[in-house]
Amino acid sequence: MKKVLFVINTMGQAGAERAMLELMKLMNLPDYEISLLVLLNRGELFSEVPGFVKVLNPNPDSGSVLAGAKPALAKLVIGKSFRNASFFRNIPWLFRNFQEQKKAGRVQPDKLLWKIVSDGTAVLKETYDAAVAYLEGGAAYYVADHVEAKRKMAFIHIEYGKSGFTPVLDHGCYDKMDRIYAVSLGVKESFLQMYPALAGKTKIFNNVINTDLIKKRAEEGAGFTDGFRGFRIVTIGRLHYQKGYDITIPVVMKLKERGYDVRWYVLGDGPQRKEVEQWIQEAGAEKDFILLGAVRNPYPYLKQCDLYVHATRYEGKSIAIEEAQALGKAVIASDCPGNREQIRNGENGLLVPLNQEKITEAVITLMEEEGQRRRFEQANAQIDFSRKEQIAEFMQFINSAGGKGRGE
């Protein structure tokens, strides 16, 4: 029996959490015992953890981790700060990284807090055959520093440097990993720019998605209920600087000014909600750029839309794009490394620079040229999202674990 531990920061409704759950389902085999630890014991997707997974969190909280949940999350972080004197022990580390972020012109408190959360989380007594840090930050720090395992593995989902992580911030955690999985070639290259010495143990493992489940859930629920008869555009993503809403909100108004009957819907929530709402109001787009919030089942909306647009400043590899493709939707995406691996420009979608004019032109192209849009839809519907070889390598690496865990 192989004992495998997954560690993740939260169980919010995001792509990495969903991909982790799908990977767990593939490991529902007699010779695996799967456990899960969520550092901040909160998130809507706790309710979707498979029954065979041993959840190590006492009293899992299925509350939201999005914008409206800041007080609850702050309470959890404060509690972690005082456990094991985590905050006080990390003051020199905090000060150093705060200064580094300030020099870079972008202070990110969430990045600074993950080491506090990691060090303030109770240490597990068991030794595992494999421990998997499924997200950057707290999960990676915890597996590196506080878990006994014969194999330690970490997943990277983001363009590392652009997201704000640095080797100084990471405090050597990836040196302690036996295998590092990047979800795309672009993510791998970005990570290795900061960690060139780790090239030998860094591999690609694309996100796991369940296309059958996506198609099934697309038939459940009402989806759009506003009675709009025009052209529907959908974007799925957090309300965050990364996602480029300051660029896309004016686009819908440019389309309206040119006489197109269009609405743009966003499924997601996040820390930038107030700013996004202000931008919508300033643009006069209240009836045209619609924030639907974080919905438990986004797939009916995807199925019913005419076009999916993913205009991000940077991207690891978007599960939202893959979900849209699984439902046979044409996609317009900004031209950045992660998106380039999912969209073959002119074959299954359009890649465009992240600016208002280019996105506007691309949307108009696919609104007016229905034949091209249909070709993109057909191409995407035929993509094989199975990760058979990557999954086989992942499980073989776990099965090869032998000997004693570190520290024994």
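The values are calculated or read from the model by the stated rules, or taken from the named source; none is laboratory data. Keep in mind that what you see is a predicted model, and the values were worked out from it rather than measured. FYI the Cβ positions are ideal-geometry reconstructions off the backbone, even for glycines, and counts take in every protein chain you see.
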When you go through (1) assigned to a helix (DSSP H, G or I); (2) under 20 Å from residue 155 (Cα atoms) one by one for residue 35, which number turns out not to apply?
-> (1)
Test set (1) in a loop (DSSP other than H, G, I, E, B); (2) at pLDDT 75 or above - residue 114 fails condition number | (1)
Got a sec? Which helices (runs of 4 or more DSSP H) wholly within the range 144-201 have at least 3 residues that are hydrophobic (A, V, I, L, M, F, W, C) and on the phi < 0 side of the Ramachandran plot?
-> 185-194
Are any residues in the range 315-324 in contact (Cβ under 8 Å) with a residue 60 or more places away in the chain and assigned to a helix (DSSP H, G or I), and if so, which ones?
-> 319, 320, 322, 323, 324
Within the range 240-282, of all residues that are among the small types (Gly, Ala, Ser) and buried (at least 16 other Cβ atoms within 10 Å of the Cβ), the one modelled with the lowest pLDDT is 270
Please work out which residue is nearest to residue 269 (Cα to Cα), limiting yourself to the range 31-45 and to residues that are over 16 Å from the mean Cα position of the chain (by Cα) and among the hydrophobic types (A, V, I, L, M, F, W, C).
-> 40
Note down all Cβ pairs under 6 Å where the first residue falls in the range 211-233 and is touching a residue at least 40 places away in the same chain (Cβ under 8 Å), the second is crowded, with 17+ Cβ neighbours inside 10 Å and of a type in the set (Ser, Thr, Tyr), and they're at least six residues apart or on different chains.
-> 214/299; 217/299; 218/299; 223/301
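Using the structure shown, decide if residue 11 is under 25 Å from residue 122 (Cβ atoms), part of a helix (DSSP H, G or I) and not aromatic (Phe, Trp, Tyr).
Spelling it out, it is not the case that residue 11 is under 25 Å from residue 122 (Cβ atoms), part of a helix (DSSP H, G or I) and not aromatic (Phe, Trp, Tyr).
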Of the residues in the range 203-216, those that are more than 19 Å from the chain's Cα centre (by Cα) and either among the basic types (Lys, Arg) or closer than 15 Å to residue 157 by Cα (or both) come to 215, 216
Do we have any residue at all in the range 239-249 that's out of contact with any strand residue (DSSP E or B) (no Cβ under 9 Å at 6 or more places or on another chain) and of a type in the set (Phe, Trp, Tyr)?
-> yes
For the range 288-314, what are the residues that are in a strand (DSSP E or B) and within 17 Å of residue 360 (Cα to Cα)?
-> 289, 307, 308, 309, 310
Spot the failing condition for residue 329; the list is (1) crowded, with 21+ Cβ neighbours inside 10 Å; (2) over 17 Å from residue 377 (Cβ atoms), and only one is missed.
-> (2)
The lone condition residue 296 fails out of (1) within 18 Å of residue 237 (Cβ to Cβ); (2) surrounded by 15 or more Cβ atoms within 10 Å (Cβ to Cβ) is (2)
Take the range 164-218 and flag every residue that is assigned by TED's automatic domain parsing to the domain that holds residue 391, small (Gly, Ala, Ser) and out of contact with any strand residue (DSSP E or B) (no Cβ under 6 Å at 6 or more places or on another chain).
-> 164, 172, 184, 186, 190, 197, 199, 200
